[in-house]
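The values are calculated or read from the model by the stated rules, or taken from the named source; none is laboratory data. Worth saying up front: this structure is predicted, and the values here are computed from it rather than measured. Backbone-built Cβ (ideal geometry, glycine too); neighbour counts: all protein chains shown. Note: accessible area is taken over every heavy atom of the protein model, side chains too, but ligands, DNA and RNA are not part of it. Shrake-Rupley method; radii C 1.70, N 1.55, O 1.52, S 1.80 Å.
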Amino acid sequence: MTETTGYSGSGLVLVKNPHLDLLEEDVLYHLDLGTKTHNLPAMFGDIKFVCVGGSPNRMRAFAQFMHRELGLAGDAEDVADICAGSDRYAMYRAGPVLSISHGMGIPSISIMLHELIKLLHHAKCRDVTIIRIGTSGGLGIEAGSVVITDTAVDSSFQPRFEQVVLGDVVVRSTELDKELAEELLACSREIPDFPTLIGHTMCTYDFYEGQGRLDGALCSFSSEKKLAYLRRAYDAGVRNIEMESTAFAALCGMCGLKAAVVCVALLDRLQGDQIRAPHEVLWEFQRRPQRLIAAFIRKRLGLRPAGRALCPTD
């Protein structure tokens, strides 16, 4: 069974679940929020940008960065974890920007997205843009390059996300917003100190065998077979590999959210498997998607950094 996306002209965040209307209270358990315990429209109703990434520390740093970039009052170091009552995810706010961790892999991001999407729905948010920012393994590209995903594909290079529901395989589209990807690419042209490109992103269920690594606890294939597979992926348009994009694209598309995936490549997987760059280099790499998204948000809000233009004007 194939399900299609749910984009709506109203700008509202959709939920495709009639059972929610029967609930007296919707408990967003893993976020430590709920419709009775919290005034979600007051807390989140004016959110316009949601940025998600794997690491709680990285998403806290991003919220602090956005606090400074947007010139908000108060000390950026004081941003508070809205989900502090839960040890599963971390959530921070900087003006109209929500910054949330999602952990590693499809199961973790899927749980977070179900509750995040319900949160945005209950808060009556409109015209929300959601972006996954993170790290990845590059494919035939320079380490430190930033990849804007045009299509999220599975391990067979197909643009689909397969979810088993009550024993049936449900296939969902992994289409991402093409105009949003092009807008992000246009912003990147004003940040010349690292390369940015648009390409397919391959999403796998595993960091080691699923991505053709030779250095896991298990490995049943040769280096020649690994390279042949990665070259086929490259020829199919894949430019980076990670573990969340198909689920992210599918859930966001089903619920009417305009979504993008922006990840930095920590290495070129055609050259090796292990990440050997020094910590300070990796830290600077991880800031690159954040810098691009900050430029994009400032452009959308009509703001410009003093003395330099990070994005082209409309």
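For residue 102, nonlocal amide neighbours, meaning residues 5 or more places apart or on other chains whose placed amide H falls under 5 Å from its own, are 53, 54, 55. Working note: Karplus 6.51/-1.76/1.60 with θ = phi - 60° gives region 77-91 the couplings 5, 8, 4, 9, 6, 5, 9, 4, x, 10, 9, 8, 9, 10, 9 Hz, where Gly and Pro are set to x.
Close amide H pairs (under 5 Å, H built 1.01 Å from N) link residue 83 with 91, residues at least 5 positions away or on another chain.
Taking the Cα centre of the chain as origin and assigning +1 to Lys and Arg Cβ atoms and -1 to Asp and Glu Cβ atoms, the resulting dipole is close to 600 debye. Take every Cα pair under 8 Å whose residues are at least 6 apart in sequence, average their separation, divide by the length of the chain, and the relative contact order is 25 percent.
Residues 150, 21, 46 ordered from highest to lowest accessible area at a 1.4 Å probe: 21, 46, 150. Label-to-label distance, residue 124 versus residue 156, with points set 7 angstrom from Cα along the beta-carbon direction: 4.5 nm. Were the residues from residue 17 through residue 57 laid out at 0.36 nm apart, the gain over their Cα-Cα distance would be 11.1 nm. Please find, in a Gaussian network model of the chain (springs between Cα atoms separated by less than 10 Å), the residue of 220, 86, 101 whose mean-square fluctuation is greatest. Result for the chain, Cα springs under 10 Å: 220 fluctuates most. Annotation: peptides 267-275, 284-292, ranked by per-residue average of other Cβ atoms within 10 Å with the highest first, follow the order 284-292, 267-275. Restricting the GluC sites (Glu not before Pro) of region 113-183 to loop positions (DSSP other than H, G, I, E, B) with no more than 14 neighbouring Cβ atoms within 10 Å leaves 142. Packing order of peptides 276-282, 105-111, highest average first: 105-111, 276-282 (average count of other Cβ atoms within 10 Å over each peptide's residues).
Summarising the label geometry, the points placed 7 Å from Cα in the beta-carbon direction at residue 25 and residue 220 lie 4.8 nm from one another. In loop segments of region 111-159 as defined by DSSP, the trypsin sites (Lys or Arg not before Pro) with at most 14 further C-beta atoms inside 10 Å of their C-beta are 124. The trypsin sites (Lys or Arg not before Pro) found in region 139-241 that occupy coil by DSSP, while having at most 14 further C-beta atoms within 10 Å, are 189. Where both bridge residues fall in region 2-125, DSSP classifies roughly 55% of the beta bridges as antiparallel. Label positions at residue 179 and residue 166, each projected 7 Å from the Cα along the C-beta direction, are separated by 3.6 nm.
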